[in-house]
Amino acid sequence: MVNLRTFNEPTSFLGVDLGQDRLLLPSMYTIRNRDSSTHVCLNWQLQASVTLAPNEWVIIDSRSFHTGNPSEDS
């Protein structure tokens, strides 16, 4: 088992490079945490880029300061 994580710091990120000539068009995604009381992801952005150029990233989805039941946080 591997723990995949970032530091608890502003601008931390986790990136995935699919390789040359590959694209991913997600219709849904899931972010899971290993411990619901101490390792909770409250803020994130799902971003995508074809070229990796700094100004060509698109925010697909984002969440900020969600707590409790996600259905109550809309």
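Within segment 15-49, how many residues are aliphatic (A, V, I, L, M), part of a loop (DSSP other than H, G, I, E, B) and over 15 Å from R63 (Cβ atoms)?
Filtering segment 15-49 down to residues aliphatic (A, V, I, L, M) leaves 16, 18, 23-25, 28, 31, 40, 42, 46, 48.
Within this subset, residues satisfying the condition of being part of a loop (DSSP other than H, G, I, E, B) are 16, 18, 23-25, 28, 31, 40, 42.
Now narrow it down to the ones that are over 15 Å from R63 (Cβ atoms): 16, 18, 23-25.
The total comes to 5.
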#### Entry: Whichever residue in segment 50-74 is modelled with pLDDT of 80 or more, of a type outside the set (G, A, S) and in a loop (DSSP other than H, G, I, E, B) and, among such residues, is surrounded by the most Cβ atoms within 10 Å (Cβ to Cβ)
W57
### Message
If I filter segment 23-38 for residues that are within 11 Å of the chain's Cα centre (by Cα), at pLDDT 85 or above and surrounded by 10 or more Cβ atoms within 10 Å (Cβ to Cβ), do I get at least one hit?
### Response
no
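May I ask you to say which residue of F13, F7 is surrounded by fewer than 10 Cβ atoms within 10 Å (Cβ to Cβ) and at pLDDT below 85?
It is F7.
The values are calculated or read from the model by the stated rules, or taken from the named source; none is laboratory data. From a predicted model like this one, the values you see are computed outputs, not experimental measurements. A quick note on method: Cβ atoms are made from the backbone with ideal geometry, for glycine too, and the neighbour counts reach across all protein chains shown.
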